[in-house]
Amino acid sequence: MDSEVVIETRNLTKVYRDFWGREKVRALKALDLQIRRGEIFGLLGPNGSGKTTTLKLILGLIFPTSGEVLVFGQDAREVTKNERIGYLPEESYLYRFLTAEETLDFYGRLFNMPAMLRRQRAAELIEMVELGWAKRRQLREYSKGMTRRIGLAQALINDPELILLDEPTTGLDPMGTRWMKDFLLKLRDQGKTILMCSHQLEDVQDVCDRIGILHQGELKELGRVSDLLKVREMTEIQCSGLTPEAEREVCTVIERLGGKVHFCGNPTTTLEKLFVRIIRESEAHPGRRVRAGAEAPPTTQTASGQESQQTSMPSPPVDRTLSSSADSSGKKPND
Amino acid sequence: MIVERYIPDFWVWLLGPGWQSGACFPWILYLLGTILLAGLVWAVLVGGGWGRCRFPLTASQSRRIGRVLGYSTLGFTFLVLLLMGLLMAHQAAGGSSAPHKPADSSAPSDSPPIESAQIVSVPQAIVRWGEYLFGPGWTEGAFYEWLGLVSVVTWGVLLVGLLAGVIRHGPLLGLKVVDRTVTDLAEDLLRLSPRRIGALARLAIQEALRRRIAIGFALFLLLMLFAGWYLDPGSVNPTRLYLHFVLTTTSYLMLPLMLFLSTLSLPTDIRTKTIHTVVTKPVRAGEIVLGRVLGFALVAAGLLGLMGLISYVFVIRGLSHRHEITPEMAAEAIAQAQSGQAKEFGVMTSRVHNHRHTILWRPSETTSSSQKDQTPQGTFWLAMEQGHTHRVIQREDGGWEVGPPEGNLIARVPWYGKLRFLDRQGQPADKGINVGEEWEYRSYIEGRTGSAAIWTFEGLRPERFPDGLLVEMNLGVFRSWKGEIEQAIRGSLRVRHPTTGKSEEVFIFSAKEFQIDSHWIPRQIKGLDLFEHFVDDRGRLEIVLQCLDPGQFFGVSQADLYIRAGDASFVANFFKGYVGVGLQLLVLIGLGVAMSTFLSGPVAMVTTGGILILGFFGDFMYRLAIGKTYGGGPVESLIRLLTQENVISELEPSPRTTAAKMLDQLASGPLWAMSKILPRFGDFDCSSFVADGFSFPPAMLLANTASALAFLLPVFVLGYGFLKAQELAQ
């Protein structure tokens, strides 16, 4: 196995059977998948497509009917591989009678971490997830967002190389979702590999490098987000500082050159970005009402062609969904 | 008090009666023990990653070691099974499994001598070599029985697993699954981490505390607060009543509490999926099982300690009382003392807790001439009543004060002998007379006949008993109209040299029923030294009991007469009672956690609770399986119940009776297996020792502890196997 491949499944099949051994559900059918080091991989699919089953097979929580799963070159059921992974389950299944400090201390002990290192790491993580003010309260008193954050902290207690996340943004408000996505990108930049399962397509699109789409246990699509989402038949040009006359002239030039203008007008941002921007500006200037249409600084293009989202600054209005909505001033785009 | 299970020596119980006479056993034992200890330390250091002692074992190395260990264990257990099978065949063919040479070399050996030139069968050779290695009676040891049972269970589970694997996956893949299981098991056991086990134990403790386990303790406190209203300190034996109450209450509260905790914890984790965040860490299934058992055991120990302390204070305060000696009583007693009358004055103290004491006078040993005309010097003492007495102290103002009760909270150290009987003609008999009582614990000897009960004591030394022997008896009495039915039955006790037969009557007594009667056998008996004339060079002495009144009977059992070798600490004995409860809880916790690895919470609770109840009837199940109970087996008993037949007479021959007996025959095998495999919870209980004022022998405590641990080991392996094989996220 290539050392760059962190997770590999070979002909992985999972069939759920009843007590008498009769086949009930064929959850996965001959899945072949490779996840490379340092990437964020998104596993998508509708309900019942086999996403969570795949995750559980990788974690060793269930056993394959046939095929194999290798994590860091070891069989998924090897306990030693768990020393290098972190797992955030869908609902942050944690012991509700423990406090945040006790939770991280407990999981740190499971990694045989010495006491000093454990305390230090727990303090860092609590600070990182911004739960210092609630660290001595039992988890039963936490809100959903707080529970997710402490769940993430326990997944990172051992500074893992591979992090598996099941619906990481479920139940989070837009600010929390933004925070989570920024954090995942930061982890990726540190060289960690992340596998996430999610229904939230926008979140996957924002953070994932590669995605796989499952349907009824089969892998239907696999590839880089940027490649898969590219609409090759269209060309997008974004610019600013054009007068209406200049806009008309540009459209004329395009038509003269044989192109067809589907849409020309102001693009729209996403509701999430608007929300985040307003909240941040409100926090920065309490009491002042923020106008929804206020201008924002332009985005910067990274070398990979993806937009770089800055956590401390409001997001620019960028419409990445050309086929989704009608502009109030421009033409309606064709599908 | 029944001491059917009395264990005088732990090593004899563990390794058989002849273990010390094994030719090379001690050296094998030391060598194996050293290798085992070194291996264990190495395994923990290596596998557990303990600090800087970690050696870099690669995954393939640890798997190889695991495979070797796993298959070696299987091979060893297979050899044990083979050995067991050969020995059982040898026994069935009429040979004795391990002829036990009794201590008395004058008694004939059970088996005829085998000459060296004679051809011996394989089983006979095994028996001889076994005797050479381990000493005679080597198969009687508890350790070998345990080894045999574990081997049977191991291979039983392995074969069932192999069959299931072959059916499900096919022969090759099925074998591969079994190979993986065996290798994983051994490797996982090697890599158990004390720190992770400690973390999981700590979690279990936190879970127990935050799930309000203190409520159980609060209930106990409540019971203690109000129990005093209902327990009568004026009853015949209040000490026994109080001690039995506190120990039984503790046991009855703690057993259900620990049953709930141990069976519901893991299934709750699996149901709420919190276990997912644990098993996705480098935690092994064995650590989860061990951590929970350890955690709950510590909770139980903590609660037991607290309950023990509170119970002790409750008993002391409940039994505490003082009588009054008024100035008039004291004056009368002193006046009688001046007149030089007998010790027992007939003056009684005030009545407290439904009893009084007779005031006794003990003169001091020396009286100076100047004191002859003054008040006689001495001390007042109160006669024993309800098993206790009091000290009487003179106050500064000349009054008398009665101290707290003494002698009621004791822990006798009994020295038991072996009992045999003589019949009416004075000839040796297997047992005494059956007077028609249903409970055959006691056999009877008839008065004014040659009938006698003889106890042979061993190991008596003058250094140990310089003043003589304090003999205590708790005899049963059967009266018939042939004699004087309304008078106390008289008996005699004599001592006898076991070899020369020289005997001397020591005393005649009137039997006291339902209480312990104490008598001294003095060092000098009619001018003869007890140890010089009646005890042989191996420390053996015979005490012969006979009934003197014609037509009356004494009922005796082995434990009914003993030499009181001294008194142990009551406090230590009291807490031994709690250790007994603790061992019950430990076994219950281990069982509960193991059951909960593959059963849902309520089902695990019911199953474990059922095993707990069956465990209290283990002895009955065994007697039922070997046909030593009245009324036949389960099916025959059911027929008797429904047809209202008594348990003594035989059922009428009929196809129904034949079918019932056949079914009982079929059931006897599983019953026997269950009685051997299931833990006998009743055996761990030593509350009757504490309540009756007997020291719980250290050998028995060791044996009980060894039994508990011996049961926990295979239970842990089973629990580990089930948890490992389970798909926790299914």
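The values are calculated or read from the model by the stated rules, or taken from the named source; none is laboratory data. Being a predicted model, the structure only gives us computed values, none of them experimental. Using ideal geometry, Cβ is built from the backbone for each residue, glycine included, and neighbour counts are taken over all protein chains shown. Quick note on the areas: whole protein, heavy atoms, side chains included, nothing else; ligands and nucleic acids left out. Shrake-Rupley method; radii C 1.70, N 1.55, O 1.52, S 1.80 Å.
If you average over every viewing direction, what projected area does the convex hull of the Cα atoms of the protein assembly as shown give, in nm²?
Working: hull surface 265.7 nm².
Projected area, direction-averaged: 66.4 nm².
Regarding chain A, what is the average projected area of its C-alpha convex hull, in nm²? Numbers along the way, then the final one.
Values: hull surface 86.9 nm².
For chain A, the mean projected area of the Cα convex hull comes to 21.7 nm².
Rank these by accessible area, largest first, 1.4 Å probe: A:Glu102, B:Glu472, A:Glu8. Walk me through the intermediate numbers first.
On the way: A:Glu102 45, B:Glu472 0, A:Glu8 25 Å².
Heavy-atom accessible area, descending, gives A:Glu102, A:Glu8, B:Glu472.
Any aspartates and glutamates with Cα under 16 Å of the B:Lys576 Cα? List them, leaving off those in the same chain fewer than 8 positions away.
B:Asp567, B:Asp683, B:Asp685, B:Asp692
When the expected Rg is taken as 2.2 N^0.38 Å, what fraction or multiple of it is the alpha-carbon Rg of the range B:443-558? Let's see the in-between values first.
On the way: Rg = 14.7 Å, N = 116, 2.2 N^0.38 = 13.4 Å.
That works out to 1.10 for the range B:443-558.
Leaving ligands, DNA and RNA out of it, report the carbon-plus-sulfur percent of the accessible area of chain A at a 1.4 Å probe.
Numbers: 8760 of 17480 Å².
C and S fraction of accessible area: 50 percent.
From the phi of every residue in the range B:199-211, what ³J(HN,Hα) in whole Hz does the Karplus formula 6.51 cos²θ - 1.76 cosθ + 1.60 yield, where θ is phi - 60° and glycine or proline is x?
Coupling constants for the range B:199-211: 5, 6, 5, 4, 4, 4, 5, 4, 4, 5, 5, 7, 8 Hz.
Work out the charge dipole of the range A:43-199 with +1 on the Cβ of Lys and Arg and -1 on the Cβ of Asp and Glu about the Cα centre, then indicate which of A:Met128, A:Ser143, A:Thr193 is farthest towards its positive end.
A:Ser143
Write down the percent of antiparallel bridges among all DSSP beta bridges whose residues are both part of the range A:87-236, to the nearest 5. Walk me through the numbers on the way to the answer.
Details: 7 of 14 bridges.
Of all bridge pairs located within the range A:87-236, approximately 50 percent are antiparallel.
Under a crude label model (7 Å from the Cα following the beta-carbon direction), how far is A:Met175 from B:Arg356 in nanometres?
Between A:Met175 and B:Arg356, the label points sit 8.6 nm apart.
Based on Cβ point charges of +1 for Lys and Arg and -1 for Asp and Glu, what charge dipole magnitude is obtained for the range B:495-536 about its Cα centre, in debye rounded to the nearest 20?
Numbers: 5 positive and 7 negative charges, 11 e Å.
So the dipole magnitude of the range B:495-536 works out to roughly 60 debye.
Applying the Karplus parametrisation 6.51 cos²θ - 1.76 cosθ + 1.60 with θ = phi - 60° to the phi angles of the range B:516-527, what ³J(HN,Hα) value in whole Hz is obtained for each residue in order, glycine and proline being reported as x?
With the stated coefficients, the range B:516-527 comes to 8, 10, 10, 9, 9, 9, x, 5, 9, 10, 6, x Hz.
Which of B:Phe716, B:Gly693, B:Gly669 sits closest to the plus end of the dipole of the range B:656-716, meaning its Cα is farthest towards the positive end, when Lys and Arg get +1 and Asp and Glu get -1 on the C-beta?
B:Gly669
Which value, in Å² rounded to 10, gives the accessible area of B:His533 with a 1.4 Å probe and all protein chains present?
For B:His533, solvent-accessible area is about 60 Å².
Would you mind checking which residues have amide H under 5 Å from B:Glu446's amide H? H placed 1.01 Å from N; only 5 or more apart, or other chain.
B:Ser451
If you plug each phi of the range B:395-412 into the Karplus form 6.51 cos²θ - 1.76 cosθ + 1.60 with θ = phi - 60°, what whole-Hz ³J(HN,Hα) values come out, in order, with x for Gly and Pro?
7, 5, 7, x, x, 10, 10, 8, x, x, x, 10, x, 8, 9, 10, 9, 5
Treating cross-link reach as a plain straight distance, find the aspartates and glutamates whose alpha-carbon is under 18 Å from the alpha-carbon of A:Lys273, omitting any fewer than eight places away in the same chain.
Qualifying aspartates and glutamates at Cα under 18 Å: A:Asp173, A:Asp182, A:Glu202, A:Asp203, A:Asp206, A:Glu281, A:Glu283, A:Glu295, A:Glu307, A:Asp319, A:Asp327.
Apply the a/c threshold of 1.5 to the C-alpha gyration tensor of the range A:37-166 and tell me whether it is rounded, prolate or oblate.
Details: a/c = 2.20, a/b = 1.54, b/c = 1.43.
Note, shape of the range A:37-166 comes out prolate.
Let me have the relative contact order for chain A, percent, based on Cα pairs under 8 Å that are six or more residues apart.
Numbers: 524 pairs, mean separation 60.8, N = 335.
After rounding, I find 18 percent.
Taking the alpha-carbon centroid of each part, what is the distance from the range A:253-268 to the range A:26-103 in angstrom?
46 Å
Mind putting a number on the dipole of chain B about its Cα centre? Charges go on the C-beta only, +1 for Lys and Arg and -1 for Asp and Glu, and I need it in Debye to the nearest 20. List each step's numbers first, then the result.
On the way: 63 positive and 61 negative charges, 647 e Å.
It comes to approximately 3100 debye.
With every protein chain kept in place and ligands, DNA and RNA left out, what is the accessible area per residue of the range B:476-610? Probe 1.4 Å, answer in Å².
Working: 5540 Å² over 135 residues.
On a per-residue basis, the range B:476-610 sits at 41 Å².
Tilt of helix B:142-169 relative to the longest C-alpha principal axis of chain B, in degrees (0 to 90, nearest 10)?
Long axis of B:142-169 versus the principal axis of chain B: about 30 degrees.
Using a 1.4 angstrom probe and counting only protein chains, how large is the accessible area of B:Val152 in Å², to 10?
70 Å²
Give me the distance between the Cα centres of the range B:292-327 and the range B:712-730, rounded to whole Å.
38 Å
Compute the signed sum of charges (Lys and Arg +1, Asp and Glu -1) over the other residues within less than 12 Å, Cβ to Cβ, of A:Leu125.
Details: positive: A:Arg118, A:Arg119, A:Arg121, A:Lys135, A:Arg149; negative: A:Glu101, A:Asp105, A:Glu124, A:Glu127, A:Glu130, A:Asp159.
Every neighbour counted, the sum reads -1.
I'd like the accessible area for B:Leu192: 1.4 Å probe, protein heavy atoms, all chains in place, Å² to the nearest 10.
For B:Leu192, the solvent-accessible surface is approximately 30 Å².
What does the range B:407-466 give for Rg and for Dmax, in Å, if only its C-alpha atoms count?
Rg, Dmax (Cα atoms, Å): 15.6, 44.
Working from Cα positions, state the angle (0 to 90°, nearest 10) between the long axis of helix B:214-230 and the longest principal axis of chain B.
In chain B, helix B:214-230 runs at an angle near 20 degrees to the longest axis.
Going by the alpha-carbon gyration tensor, a ≥ b ≥ c the square roots of its eigenvalues, is the range B:661-730 rounded (a/c under 1.5) or, if a/c is not under 1.5, prolate (a/b greater than b/c) versus oblate? Please list the in-between numbers first.
Values: a/c = 3.17, a/b = 1.34, b/c = 2.37.
Oblate is the answer for the range B:661-730, as a/c is 1.5 or above yet b/c matches or exceeds a/b.
Please compute how much accessible surface disappears when B pairs with A, both sides summed, using a 1.4 Å probe, and round it to the nearest 100 Å². Walk me through the numbers on the way to the answer.
On the way: alone 39660 and 19180 Å², together 55400 Å².
Roughly 3400 Å² of accessible surface disappears when B and A pair.
Can you list residues whose amide H is under 5 Å from B:Phe694's amide H, if they're 5+ apart or on another chain and H is modeled 1.01 Å from N?
B:Arg412
Compute the angle between helix B:25-48 and the longest alpha-carbon principal axis of chain B, please, reported from 0 to 90 degrees and rounded to the nearest 10.
With rounding to tens, the tilt is 60 degrees.
Reachable lysines from B:Lys676, Cα under 18 Å, same-chain residues fewer than 8 places away excluded?
Output for B:Lys676: B:Lys628.
Could you sort B:Phe534, B:Phe617, B:Phe507 by their accessible area in this structure, using a 1.4 Å probe and putting the largest first?
Values: B:Phe534 0, B:Phe617 115, B:Phe507 30 Å².
In descending accessible area the options line up as B:Phe617, B:Phe507, B:Phe534.
Determine the share of chain B's accessible area contributed by carbon and sulfur atoms, expressed in whole percent, with a 1.4 angstrom probe.
C and S fraction of accessible area: 63 percent.
Roughly how many debye, to the nearest 20, is the charge dipole of the range A:1-71 about its Cα centre, given +1 on each Lys and Arg Cβ, -1 on each Asp and Glu Cβ, and no other charges? Numbers along the way, then the final one.
Numbers: 11 positive and 8 negative charges, 77 e Å.
Result for the range A:1-71 is approximately 380 debye, rounded to the nearest 20.
Please say if the range B:549-701 is rounded, prolate or oblate, where rounded means a/c under 1.5 for a ≥ b ≥ c the square roots of the C-alpha gyration tensor eigenvalues, and otherwise the choice is prolate for a/b larger than b/c and oblate otherwise? Can you show the working numbers first?
Numbers: a/c = 3.20, a/b = 1.21, b/c = 2.65.
Because a/c hits 1.5 or more and a/b fails to exceed b/c, the range B:549-701 counts as oblate.
Structure shown: which of A:Lys24/B:Lys281; A:Lys29/A:Lys144; A:Lys56/A:Lys220; A:Lys220/B:Lys176; A:Lys220/B:Lys273 lie over 24 Å apart, alpha-carbon to alpha-carbon?
Numbers: A:Lys24/B:Lys281 30 Å; A:Lys29/A:Lys144 34 Å; A:Lys56/A:Lys220 20 Å; A:Lys220/B:Lys176 33 Å; A:Lys220/B:Lys273 30 Å.
From A:Lys24/B:Lys281; A:Lys29/A:Lys144; A:Lys56/A:Lys220; A:Lys220/B:Lys176; A:Lys220/B:Lys273, over 24 Å: A:Lys24/B:Lys281; A:Lys29/A:Lys144; A:Lys220/B:Lys176; A:Lys220/B:Lys273.
Starting from the residue with the highest accessible area, list B:Phe694, A:Phe275 in decreasing order, probe 1.4 Å.
Working: B:Phe694 10, A:Phe275 80 Å².
Accessible-area ranking of B:Phe694, A:Phe275, largest first: A:Phe275, B:Phe694.
What share of all Cα pairs of chain B, in percent, falls into each consecutive 20 Å distance bin?
13, 39, 34, 13, 2, 0
Counting only residues 5 or more places away or on other chains, whose amide H sits under 5 Å from the amide H of B:Ser350 once H atoms are built in the peptide plane?
B:Glu324
Among A:Ala27, A:Thr54, A:Ser66, whose Cα projects farthest towards the positive end of the dipole of the range A:11-86, with charges put on the beta-carbon of Lys, Arg (+1) and Asp, Glu (-1)?
After comparing all options, I get A:Ala27.
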